[in-house]
Amino acid sequence: MMLTPSDIEQPRSPRALREFVLALKDAVRADDNERHRGMLKKDMYKEFLDEIVPLSCFAVLKYQESCRILPVLGNQGFDAVVIDESGREIDRIEMTCPGDGAEKARDARLTVKRGYGTIHMGKPGDDFDALIPRVLDTCRRKAMRDYTDCTLVVAIEPLSPFAGFESRYEAQISALAHDLGLIEFKAKRVFLLVLPDKLVSVHG
């Protein structure tokens, strides 16, 4: 197994965390057995893909390089601590990645078994439209919990827009951010992260 809890729970600068993620992805892609474990989210790969990958994208967009990002595994109500250059905790981060986990799991099993997953038909942007209700449902549940000491990051990964459909993509992001803004979160601040590098402030 290439990935262990101690690998994840290392304090790193935002750039070092992102480089760790990219280097591990490259190593996993080069090993078929490990790549399949990753696709099926076995062992630590679930935490890595659902928390650490989006965390690394958020960290480089939001925090100074002098900070250290310390991922924390478990069910403690936050996924990472941010420490400044003096060693003082300045933030806690809770990541949430709404989506259809069961569908993705089925698709991953098919891909491992036969080399390709489910074939979907539709117009550009339809996947984003289908994602929005899931995001809002997940976030309404999140709003029932207390994250007043945390920065809450809602991370999504729709398909990149096809050429000529960029305006629809941007409109979908704006509409989702607006709808998230109507939810009364108990959080220090809330961001919408459209992976890998678009960050929209929702609250705070």
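Reported to the nearest whole Å, the Cα centre-to-centre distance from the stretch 36-69 to the stretch 169-187 is 23. The 3J(HN,Hα) values that the Karplus relation (6.51, -1.76, 1.60; θ = phi - 60°) gives for the stretch 169-180 are, in residue order, 4, 5, 5, 5, 4, 4, 5, 5, 4, 4, 5, 5 Hz. Gly and Pro appear as x.
With the Kirkwood sum run over all distinct C-alpha pairs, the chain has a hydrodynamic radius of 18.0 Å. Using the Karplus relation 6.51 cos²θ - 1.76 cosθ + 1.60 with θ = phi - 60°, the per-residue 3J(HN,Hα) values for the stretch 4-10 come to 10, x, 5, 5, 6, 8, 10 Hz, with x marking Gly and Pro. Across the stretch 14-19, coupling constants 3J(HN,Hα) worked out from phi with the 6.51/-1.76/1.60 Karplus curve, θ = phi - 60°, read x, 5, 5, 5, 5, 5 Hz, and Gly and Pro carry x. Amide hydrogen proximity for Ser13: with H placed 1.01 Å from N in the peptide plane, the residues at 5 or more positions away or on another chain lying under 5 Å are Ile69.
Peptides 167-173, 78-84, 93-99 ranked from most to least packed by the mean count of surrounding Cβ atoms within 10 Å: 93-99, 78-84, 167-173.
The helix-only estimate of mean residue ellipticity at 222 nm for the chain, built from DSSP H runs of length n ≥ 4 each weighted as -39500 (n - 2.57), is -13000 deg cm²/dmol after division by the residue total. Annotation: amide H-H contacts under 5 Å for Lys188 (H modelled 1.01 Å from N, sequence separation of 5 or more, or interchain): Asp149, Cys150, Leu152. Please work out how many pairs of lysine residues in the chain are eight or more positions apart (or on different chains) and have Cα atoms closer than 15 angstrom. The number of close lysine pairs in the chain is 12. Ranking Ile83, Ala30, Cys57 by how far each Cα lies toward the positive end of the dipole of the stretch 29-96 (charges on Cβ) leaves Ala30 at the top. When each pair of different Cα atoms in the stretch 1-99 is counted once in the 1/r mean, what is the Kirkwood radius in angstroms, to one decimal? After inverting the mean inverse Cα-Cα distance, the result is 13.8 Å.
Values quoted throughout were computed directly from the atomic coordinates according to the rules given, and no laboratory measurement underlies them. Note that the structure is a prediction, hence the values are computed from the model and not measured. Backbone-built Cβ (ideal geometry, glycine too); neighbour counts: all protein chains shown.
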